[in-house]
1. Any residue at all in the stretch 198-213 that is under 17 Å from SER121 (Cα atoms) and either in contact with a His (Cβ under 6 Å, 6 or more places away or on another chain) or in contact (Cβ under 8 Å) with a residue 12 or more places away in the chain (or both)?
2. Return yes or no: is TYR148 surrounded by 13 or more Cβ atoms within 10 Å (Cβ to Cβ) and at pLDDT below 90?
3. Quick one: is THR113 more than 28 Å from ASP171 (Cα to Cα) and modelled with pLDDT of 80 or more?
4. For the stretch 77-96, what are the residues that are in a strand (DSSP E or B), of a type outside the set (S, T, N, Q) and loosely packed, with under 14 Cβ neighbours inside 10 Å?
5. May I ask you to list the residues in the stretch 201-240 that are assigned to a strand (DSSP E or B), out of contact with any Phe, Trp or Tyr (no Cβ under 9 Å at 6 or more places or on another chain), under 30 Å from PHE72 (Cα atoms) and not charged (D, E, K, R)?
6. For residues in the stretch 98-116 being among the hydrophobic types (A, V, I, L, M, F, W, C) and surrounded by 13 or more Cβ atoms within 10 Å (Cβ to Cβ), which is nearest to the chain's Cα centre (by Cα)?
7. Can you name every residue in the stretch 124-161 that is out of contact with any Leu (no Cβ under 9 Å at 6 or more places or on another chain) and either closer than 14 Å to SER191 by Cβ or free of Cβ contacts under 8 Å to residues at least 24 places away in the same chain (or both)?
8. State whether one or more residues within the stretch 169-178 are in contact (Cβ under 8 Å) with a residue 12 or more places away in the chain, surrounded by fewer than 17 Cβ atoms within 10 Å (Cβ to Cβ), in a strand (DSSP E or B) and among the basic types (Lys, Arg).
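The values are calculated or read from the model by the stated rules, or taken from the named source; none is laboratory data. Just so it is clear, the model here is predicted, and its values are computed rather than measured. As a convention, Cβ positions derive from the backbone with ideal geometry for all residues, glycine included, and neighbour counts pool all protein chains shown.
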Amino acid sequence: MNKSNGYPVVFLLLATFGLSQSLKAQTTLKMYTNYTYDSEFKVGSTLSFVRDSFETIEDKNTNINLLPAVKFMKENGRYMEFALANFSIKRNNDEQWITSNGIKSTTAGAKTTQTNISLRSEVGRITSVFRPESNLSLELGFANTLTYYRLNMEPKVSNSFPYRVHQGTVDLSFAPRISYALNSNCALEFSTLFGMAEIGVESTKVENPSLLTAQQSYGSLNINVLPNRYVFRLGFAYKI
């Protein structure tokens, strides 16, 4: 391993150990496999002069990823958990063109970059539903997920304009979890997140020179109660 590349890992371990000692809590390192399902269904009218005409938009998204987490459990059964809920950077560079008499003419295409980062914190408490000899435990808690999303698009044709989108979202969820202890240090976990509320802000800027400066930028605030979103997590936990 390159020595410089190990500094962030060493710093993370030292910070985790220091926080664990300050909280006087048992520290557990985790790795989650997250499966996210999100759906949206919209029905709206089209042109007003077309009677009984409607446009239907159905959007379904699924996402599977492997992400780390750290958990601090106190002796009274209360816990705090911090997780990297999502981290992705996607770049796409596409182009369509026509070649005539050896001359290339671009007809469509764009260079896009998408960045998505989410951090999740959970607080909760272990319950006494299962007997200790069963090696099972049930935890009930609440989660708060902070998400930042950025989209940057640079078109390759003159009839389109560059634009940038910034989104910030806060998700509040109910977070039950079932754990099965393999031994005194290792456990398998299954947990889910039920969305309770979502608050998001979005800003968009389109670099269209035909528009006034004030018209090139606009934003919105969205509040969604009980969103149709579910997160299922299968994890491996190791106590240190």
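1. yes
2. When the stated conditions are applied, TYR148 does not pass them.
3. No: the conditions fail for THR113.
4. Passing the criteria: PHE87, ILE89, LYS90, ARG91, ASP94, GLU95.
5. Matches in the stretch 201-240: VAL225, ALA237, TYR238.
6. ALA110
7. Result: ARG131, PRO132, GLU133, SER134, LEU136, SER137, LEU138, GLU139, LEU140, GLY141, SER158, ASN159.
8. no
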